[in-house]
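The values are calculated or read from the model by the stated rules, or taken from the named source; none is laboratory data. As the structure is a computational prediction, the values presented were derived from the model and not from experiment. Cβ atoms come from the backbone with ideal geometry, glycine included; neighbour counts cover every protein chain shown. All accessible areas refer to the heavy atoms of the entire protein, side chains included, with ligands and DNA or RNA removed. Shrake-Rupley method; radii C 1.70, N 1.55, O 1.52, S 1.80 Å.
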Amino acid sequence: MSVFDRYEMVCGVETHVELATKTKIFCGCTTEFGGEQNTHVCPVCLGLPGVLPVLNREVVNLAIKAGLALNCEIAEFSKFDRKNYYYPDLPKNYQTSQYDLPICKNGWLMIETAEGQKKIGITRAHMEEDAGKLVHGGETITTSDESYVDYNRTGVPLLEIVSEPDMRSISEVLAYLEQLVQILEYTEVSDCRLEQGSVRFDINVSLRPRGSTELGIRTETKNLNSFSSVRRCMEYEIARQAEVLDAGEKVVQETRTWDEGRGITLSLRSKEEAHDYRYFPEPDLVPMVIDREWVEEIRKTLPELPAARRERLQILGLSAYDAEVITSSKGLADFFDKALRQCEDAKSLTNWVMGDFTRLLKANEVSVVDSPISPEQVAEMVNLIEKGTISGKIAKSVIEEMFATGKDASVIVKEKGLAQISDESALIKIIDEVIAANPASVEDYRAGKERAIGFLVGQVMKASKGQANPGLVNKLLKERLG
Amino acid sequence: MKISRKDVEHVALLARLELTEQEIEQYTEQLDSILEYAATLDRLDTENVEPTAHAVPLHNVLRADEVKSSIEREKALQNSPDAEEGFYRVPRIV
Ligand SMILES: [Zn+2]
């Protein structure tokens, strides 16, 4: 019997996303990833006495942009607050964040589920600064003897996006995260480099008996940085909570940490004791008044969002699945759109982009933005197939060659003499040879065995080294065989 | 009393301060008189007054997103009690 026969899971997610600015939120230090430890720091982000933070305008712009893309209300008046806690990743002993007047609230996004579309509420999104990085002496956070601190990340701008507890299954959570990351990537609010930790998820999970409408006691597992960790962590946490409840005990409301190596969540209860943040307004920063003109200026810069893009592609004749794959990353969707401008057959283009093109990218370990061939080149190749200049089979070798050399399809076809033979007299010559060489199949066909024609077409293709136009061969063969 | 001994112990724990018995007594008294004094403000009628977010009548003080040079690492680390290989070193946490 599955856990889900007895319990319903309720999940909400807090997502911390690094905003795509050049500099930190309150100082001019670079946000560049991968610098040597403690080289991207200054008196402001180190919290030295006597310094004053100044807010980066681009942080506000990106927060508004994300809010609009997530259907949020943008506050007319917003301010920063101090969230106080004593931990070595914060040099100031407080994090500058937003408490009661966040910049965005009451939004939503739509996910696809097995039962159709489902709206997931976004409670709020607020701006804050990232903390530093602690490198632990021991193997995990709970076994270390000493910690080393790198403040390069301290002050990197984040947007914390808080969802409503609207998700009821792991697949709904993953669909929400995928949608959210896609929207943030499309709007260029963030680079969304999950492997660099630029998006992190805190997962709140609780169980309640099926049929109950009351919320169960939840745990929050912090700092997950990949979809697969989220899935594994949730599987573990659901099973753990179910075991506690089955035994008639109560789940402890607490913060937990995910141990990737062991595949388990661990209690951080001792830190919980200090869960009293004593928020108060940040006296070093003046409030923001966001007039509607500012908001409308930013609305104008919003690109077509993934959902709208999927819809447009489906109107062009793509299946729901194909539209999903093409729009899964902004890079691929942009590539497809550029190619589509020069290509008439959307369906055929889709097959080539999702098929051989994607396969070659993977085989060569290059991302679509670094593709050695341009969208226009792929479009030209597809057009050559549609015009009958090359067959689909020949095109497979042409695209390989394009990938290796960067040459245009038409150049390769010309250089290698790959153009399809559509000249009837040339084809008839080959067809007559094949008919003469295969009397048995000719007999079969004439005796009514339709399938024999397939064999004969194959022989003609072979004799022409794949260059004969198959449709034309079929037609001519039937004529010659009477 | 505006503040209890328990409050002082709690705040001290949050601030990672170790207080002696005598200090707890002393601070409870002192903090209480401070809060007592601040409570004078409670006498004002603030029924129709908007909450003040900031004492200075300014808003939207913003800067351009332009990189400025950071400080040298030696300088960043020079006032720290303990450092190693370019990192600040701190006692075991949790
Ligand atoms: Zn700085």
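Miscellaneous remarks
- Other protein chain Cβ atoms within 10 Å, averaged over every residue that makes up A:69-82: 1
- For chain A, accessible area per residue (1.4 Å probe, heavy atoms of protein chains only), Å²: 46 Å²
- Accessible-area composition of segment A:203-279, carbon plus sulfur, in percent [1.4 Å probe]: 47 percent
- Using the Cβ-Cβ distance between A:ALA247 and A:SER171 with R0 = 30 Å, the FRET efficiency computed as 1/(1 + (r/R0)^6) comes to roughly 0.65.
- Rounded to the nearest 20 debye, the dipole size of segment A:146-224 about its Cα centre is 340 debye, using +1 on the Cβ of Lys and Arg and -1 on the Cβ of Asp and Glu.
- Length released on extending from A:LYS387 to A:MET110, taking residue separation times 0.36 nm less the Cα-Cα span: 95.7 nm
- Accessible carbon and sulfur surface of segment A:32-154 relative to its total accessible area, %, 1.4 Å: 49 percent
- Spin-label model distance (nm) - A:ILE264 vs B:ARG5, 7 Å beyond Cα toward Cβ: 4.1 nm
- Average partner coverage of A:33-45, which counts Cβ from other chains inside 10 Å: 4
- Set of lysines near A:LYS407 by C-alpha distance (under 30 Å), chain-local residues within fewer than 8 positions excluded: A:LYS330, A:LYS338, A:LYS347, A:LYS362, A:LYS387, A:LYS393, A:LYS396, A:LYS416, A:LYS462, A:LYS465
- Accessible carbon and sulfur surface of segment A:424-481 relative to its total accessible area, %, 1.4 Å: 54 percent
- Computed label-point distance, nm, for sites B:HIS54 and B:LYS75 using a 7 Å Cα→Cβ extension: 2.7 nm
- Unit Cα scatterers, Debye sum, the protein assembly as shown: log10 I(q)/I(0) for q = 0.07 Å⁻¹: -0.60
- In terms of its alpha-carbon gyration tensor, segment B:5-94 comes out oblate; a/c meets the 1.5 threshold, while b/c is at least as large as a/b.
- Across chain A: Cys residues that no other cysteine approaches within a C-beta distance under 4.7 Å: A:CYS11, A:CYS27, A:CYS29, A:CYS42, A:CYS45, A:CYS192, A:CYS233, A:CYS343
- Set of aspartates and glutamates with alpha-carbon distance to A:LYS478 below 16 Å, sequence-local pairs under 8 removed: A:GLU424, A:ASP432, A:GLU433, A:GLU443, A:ASP444, A:GLU450
- Length, then width, then depth: along the principal axes, the Cα atoms of segment A:154-312 run 57, 48, 36 Å.
- Principal-axis analysis of the Cα atoms of chain A puts helix A:392-405 at an angle of about 50° to the longest axis.
- In chain A, the longest principal axis of the Cα atoms and the axis of helix A:424-437 are about 70 degrees apart.
- Placing dummy labels 7 Å off each Cα toward the beta-carbon, the span from B:THR46 to B:GLN22 is 3.8 nm.
- Both chains summed, the buried accessible area for A and B stands near 4000 Å², from protein heavy atoms and a 1.4 Å probe.
- Taking Lys and Arg as +1 and Asp and Glu as -1, the other residues whose beta-carbon sits under 10 Å from that of A:ALA409 total -1.
- Number of Lys pairs (Cα under 16 Å; 8 or more positions apart or on different chains) in segment A:39-121: 4
- Using R0 = 41 Å, the C-beta based FRET efficiency linking A:THR301 and A:ASP276 works out to 0.55.
- Estimated FRET transfer efficiency (A:GLU254, A:LYS465; beta-carbon r; R0 56 Å; 0.05): 0.20
- Per-residue shielding of B:44-53, expressed as the average number of other chain Cβ atoms within 10 Å of the residue Cβ, stands at 2.
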